[in-house]
Amino acid sequence: MLGEEVERRVEQVVGHLLATGVLDADGEMLQIGPEAERRYGKRNYLDLTAVFADPPTLAVVHGRTSLGQIHIRSLPRRPHDEPAAVLIAGRDWDIEHVDWRRRLVEVVPAKRRRGRSQWLGAGPGQSMVLAQATRKALAGADPAGVTLSKRAAAGIAELRGSFHWLREPPSSDVVRDPDGTTWWWTFGGTAANVELASVIGPLAPTTPASGLAIRLADGTAHAEVMDRLRRRLEEPPLSLPADL
């Protein structure tokens, strides 16, 4: 999480980068601008531009044998006492170590757990704006100037019935399904929910977060989530070495 001083200056810094052409805005998305291309686009700046241009992949090795590459989303979150597993080169592997600096994953043949490989298919996730718009629609707001077919109207009514607990003003809700599955409906967007899932740790042990909700450990109460967040916010910030 960013410090208060950094958060206060984010808009100022982004505005400067946009004004100087280092960044370029495409709607609500930021991308490398013409000035950054001119200054950093040569091969001698390849390592710098790779941070923006390269897909977020990691090389996988077993000993000295290279097995291929996986997307970072293939690194599943597991309970602390269980090894994570991935599927690559036609078999399952347990992850022993992830070297983020070298972008390297060291693996050994899996004993029991089945692995998986996961790649982005429809973009980087759901934005907070879209997630909040989804919440408004589920809570009963109809888009202006849109005529719905009978089938669409019936489908929306059914969905709204499933989310009858939504209320104003907007808040986050912990909801338990009839089968015991527990969800924290934040409607905060994928990036925010991934961060929140990391913060609450064991309360969201295994399932990746979506843009709308975070899967919690069965039976988790709203008070437990809020208490966990409160305690994390009260933790002192990490102290960095003076020469960093």
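What the table below lists for this structure:
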read-out: Shape call, region 165-219: gyration tensor on alpha carbons, a/c limit 1.5; value: oblate
read-out: Net lengthening on full extension, D179/H16 (0.36 nm per residue, minus Cα-Cα); value: 53.5 nm
read-out: Solvent-accessible ranking of M128, M226, largest area first, probe 1.4 Å; value: M128, M226
read-out: Label-point separation, H164 to A25 (7 Å along Cα→Cβ), nm; value: 4.4
read-out: Förster-model FRET efficiency, 25 Å R0, A157 and D218, C-beta, rounded to 0.05; value: 0.30
read-out: Candidate residues H222, H71: accessible-area rank, largest first, probe 1.4 Å; value: H222, H71
read-out: Net charge contributed by nearby residues that have their C-beta within less than 13 Å of L30 (K/R +1, D/E -1); value: -4
read-out: Relative compactness, region 138-233, computed as alpha-carbon Rg over 2.2 N^0.38 Å; value: 1.24
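The values are calculated or read from the model by the stated rules, or taken from the named source; none is laboratory data. Quick caveat, the model's predicted, so the values are computed rather than measured. Methodologically, a virtual Cβ is constructed for each residue, glycine included, from the backbone with ideal geometry; neighbour enumeration extends over all protein chains shown. To get the accessible areas, we keep the full protein, side chains included, count just its heavy atoms, and leave off ligands, DNA and RNA. Shrake-Rupley method; radii C 1.70, N 1.55, O 1.52, S 1.80 Å.
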